[in-house]
1. Give the residues of the range 109-137 that are under 18 Å from residue 70 (Cβ atoms), surrounded by 16 or more Cβ atoms within 10 Å (Cβ to Cβ) and in contact with a Leu (Cβ under 9 Å, 6 or more places away or on another chain), sorted by residue number.
2. With the checklist (1) part of a helix (DSSP H, G or I); (2) touching a Leu at 6+ places or on another chain (Cβ under 7 Å); (3) within 21 Å of residue 127 (Cβ to Cβ) in hand, flag the one item residue 41 doesn't pass.
3. Can you find, within the range 139-176, the residue that is nearest to residue 193 (Cα to Cα) among those that are charged (D, E, K, R) and modelled with pLDDT of 90 or more?
4. Read through the list (1) hydrophobic (A, V, I, L, M, F, W, C); (2) within 21 Å of residue 140 (Cα to Cα); (3) modelled with pLDDT under 80, then give the number of the only condition that residue 197 fails.
5. Among what's in the range 209-219 and is surrounded by 14 or more Cβ atoms within 10 Å (Cβ to Cβ) and not aromatic (Phe, Trp, Tyr), pick the residue that is modelled with the highest pLDDT.
6. Considering every residue within the range 79-92, establish whether at least one is assigned to a helix (DSSP H, G or I), free of Cβ contacts under 8 Å to residues at least 12 places away in the same chain and surrounded by fewer than 18 Cβ atoms within 10 Å (Cβ to Cβ).
7. Which one of 155, 166, 181 is outside any strand (DSSP E or B), in contact with a strand residue (DSSP E or B) (Cβ under 8 Å, 6 or more places away or on another chain) and surrounded by fewer than 19 Cβ atoms within 10 Å (Cβ to Cβ)?
8. Tell me, yes or no, whether the range 103-121 has at least one residue that is in contact with a Pro (Cβ under 6 Å, 6 or more places away or on another chain) and modelled with pLDDT of 95 or more.
Amino acid sequence: MIEMTRPLVGTIHPDDMLEIREGVEAAQRAVDYLHAEGARIEVPTPWRWWEYGTPIQMMLNQYKEHITDIEVLDVGSGWSALGPTLALLYGTQVTEYEPNIDYCRDRIFVNMVLANKGQKVLQVHQVGLENMPQDQFDVVSCISVLEHVNPQLERSFWTALAQRVRPNRMLYITTDCLPERGKPYTYDNLRTQNFVVDDLKERVEFLMSFGFIPLGKPDWKFNGCFVYDYTFFRCGMMKLK
């Protein structure tokens, strides 16, 4: 079981960045290298490094010298730094499901760099929710995707994510979160799902009923663990069965 000074379910405090420093620095190092080699990786704003650094740190803490041997699924990967970092620096096998063909094409250049370095290439599939294979993985991540899912499909998406995690393995989710219904997002774009804290509390409780436990003590206070700057939610969980 992963033990952290601060929970991996929760608010990003200054101390959190110290807890995940190794993961954040790994992502930054990998992105710098890939950019220098002409591969496109997107990190929307500098303070979003925690979004990639947290799952990398989770894996480093849990698997240590075995991180090369695990299988990771990144759902809705887009230009994410997660898969390329794991593949480039640790030789991890990463599968990406991404419905947007433009994002998938950009991974060709990432895979060229990985192949030149002798690392496992990303297994990229142009696949949406309705066509996701039933394979299970040691780590499943879904970063800044759920707020863009059709509300009619959103509940089934959480089920699909849970089903793809092997027993005693990990799930990592981030999504946007509003302080209350009807409030605008600070950074508005093509969101289709407007989560508030109570929505996300209910989703995490659903995952717990599915056999997951949070990697950290749950805290449902509005100013507590599930919001960062009243905008972001992150959740790391372990599947027990």
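1. Result: 114, 119, 120, 121, 122, 137.
2. (1)
3. 164
4. So the condition that residue 197 fails would be (2).
5. Selected residue: 211.
6. We begin by selecting, within the range 79-92, every residue assigned to a helix (DSSP H, G or I); these are 82-90.
With the extra rule that they be free of Cβ contacts under 8 Å to residues at least 12 places away in the same chain, the set shrinks to none.
No, every residue in the range 79-92 fails to be assigned to a helix (DSSP H, G or I), free of Cβ contacts under 8 Å to residues at least 12 places away in the same chain and surrounded by fewer than 18 Cβ atoms within 10 Å (Cβ to Cβ).
7. Within the list 155, 166, 181, the selection yields 181.
8. Yes: the range 103-121 contains one or more residues that are in contact with a Pro (Cβ under 6 Å, 6 or more places away or on another chain) and modelled with pLDDT of 95 or more.
The values are calculated or read from the model by the stated rules, or taken from the named source; none is laboratory data. All values derive from a computational prediction rather than experimental measurement. So basically every Cβ, Gly included, is an ideal-geometry build from the backbone, and we count neighbours across all protein chains shown.
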